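*Asks:* The structure is given below, and queries will be raised subsequently.
The values are calculated or read from the model by the stated rules, or taken from the named source; none is laboratory data. Note that the structure is a prediction, hence the values are computed from the model and not measured. When we count neighbours, we look across all protein chains shown, and the Cβ atoms used for this are built from the backbone with ideal geometry, even at glycine. Keep in mind that these areas ignore ligands, DNA and RNA; they rest on the heavy atoms of the full protein, side chains included. Shrake-Rupley method; radii C 1.70, N 1.55, O 1.52, S 1.80 Å.
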Amino acid sequence: MRARTRHVRSATIRIETSLPVRRDVPSLSTENALAELRLTTRADHDRLERMLRLDAPMPLARYAAILARFDAFLRVWEPRLHAALPERLQSWFRARWRGGFASADVEWLRSVGEVGTPRVDAPAAAALPLIDLPEVLGSLYVIESSALGGHVVAPLLKRTLGLGQGSGASYFHGFGGDSAAMWSNFRVLAALEIGDSPRDTVRACMSARRSFGALIDLFAPLAPAEAPAAPRTAVAQRIAPALLMALGPEDDEATRPAPLADIHIDLPADGEADAGDTLVELPMDDEVDPGDTLRMPL
């Protein structure tokens with residue numbers, strides 16, 4: 001009886017991944033970039049609202065201090081954002097500038113209202129990174145969305161302080177009845193420009209958070225005494241987990257898994273008749289000994 005010799009050749013398959021994996025988060029959301037921006041910045045938006053309390057009556061001096069800070073921020077931010085936009089979008093943005101309204105209101109309060117407005121600098125506005133279009137649109141989201149509150153703030157200023165469009169409240173009046181349509185226009189443009197790219201969406205979200213942070217720092221001295229502003233670093237708000245999982249390299253907490261151990265497969269030699277099951281050697285979970293494998297029929 002002849003002993004049968006089986007010739008085999010070996011192949012080593014290495015499986016690696018270039019993306020980090022977070023096993024505790026769901027897959028990437030199908031929501032668009034605007035939904036992710038809203039989710040990511042919700043805590044910052046609510047915090048700034050609590051600091052400013054624009055929906056409550058206020059003394060004229062406090063209103064002047066708030067307005068002076070908006071003016072200081074926009075004087076720096078608007079020209080920077082305009083320069084960072086591609087040329088095809090610059091005229092679109094110029095038609096939406098609101099900084100001139102704030103400057104006119106500050107001047108009116110000083111000259112006509114005889115209200116002393118503080119001289120304010122906004123260095124954080126000069127330091128905001130506006131390198132690419134997603135970052136620009138993320139920062140623009142903050143200012144564009146803030147205009148929506150004007151329909152509540154402007155009537156309150158008229159009723160409590162006697163201020164109106166052209167008389168100290170032009171900034172919050174904004175573009176009046178066109179504000180809602182302009183917000184919808186921005187939403188469409190942002191969705192088209194950012195698209196479905198997780199990386200671009202995360203960059204926009206990070207930029208929006210930095211812009212909110214700059215405003216929070218700017219208005220921190222005006223936070224009501226009964227609700228002092230906590231250090232911004234204490235806020236635990238994070239970018240949508242699914243997006244961080246998809247982006248990975250820019251998330252400090254995202255972890256890259258170690259490359260999987262080699263999977264060794266014994267393949268039949270070319271032309272050899274099938275003498276039985278081909279055995280596949282798979283590494284066991286949490287293996288320590290490289291030779292600790294599970295042999296399974298293929």
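*Asks:* State all residues of region 108-126 that are more than 29 Å from R210 (Cα to Cα) and open to solvent by 60 Å² or more (accessible area, probe 1.4 Å); if no residue qualifies, say none.
*Replies:* If the condition is that a residue be more than 29 Å from R210 (Cα to Cα) and open to solvent by 60 Å² or more (accessible area, probe 1.4 Å), then W108, R110, S111, V112, E114, G116 are the ones that fit.
*Asks:* While we're looking at this one, here's another question. Just name the residue that is nearest to R53 (Cα to Cα) out of those in region 176-188 that are over 19 Å from the mean Cα position of the chain (by Cα) and surrounded by 14 or more Cβ atoms within 10 Å (Cβ to Cβ).
*Replies:* S179
*Asks:* Is it fair to say D200 is farther than 21 Å from F73 by Cβ, of a type in the set (D, E) and surrounded by fewer than 17 Cβ atoms within 10 Å (Cβ to Cβ)?
*Replies:* no
*Asks:* For region 127-146, what are the residues that are open to solvent by 60 Å² or more (accessible area, probe 1.4 Å) and assigned to a loop (DSSP other than H, G, I, E, B)?
*Replies:* Listed by number, the list holds a single entry, I131.
*Asks:* Also, quick follow-up: At least 3 residues that are modelled with pLDDT under 95 and under 22 Å from the mean Cα position of the chain (by Cα) in each: list the helices (runs of 4 or more DSSP H) lying fully within region 8-98 that qualify.
*Replies:* 33-52
*Asks:* Can you give me the number of residues within region 150-175 that are assigned to a helix (DSSP H, G or I) and open to solvent by less than 30 Å² (accessible area, probe 1.4 Å)?
*Replies:* 8
*Asks:* Within region 109-126, track down each residue that is closer than 13 Å to R75 by Cβ and not in a helix (DSSP H, G or I).
*Replies:* Listed by number, the residues that qualify are R119, V120, D121, A122.
Condition check ((1) closer than 19 Å to P129 by Cα; (2) assigned to a helix (DSSP H, G or I); (3) among the hydrophobic types (A, V, I, L, M, F, W, C); (4) modelled with pLDDT under 90) across all residues:
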| residue | (1), (2), (3), (4) |
| --- | --- |
| E193 | yes, yes, no, no |
| V202 | yes, yes, yes, no |
| F212 | yes, yes, yes, no |
| L215 | yes, yes, yes, no |
| P221 | no, yes, no, no |
| P224 | no, no, no, yes |
| A229 | no, no, yes, yes |
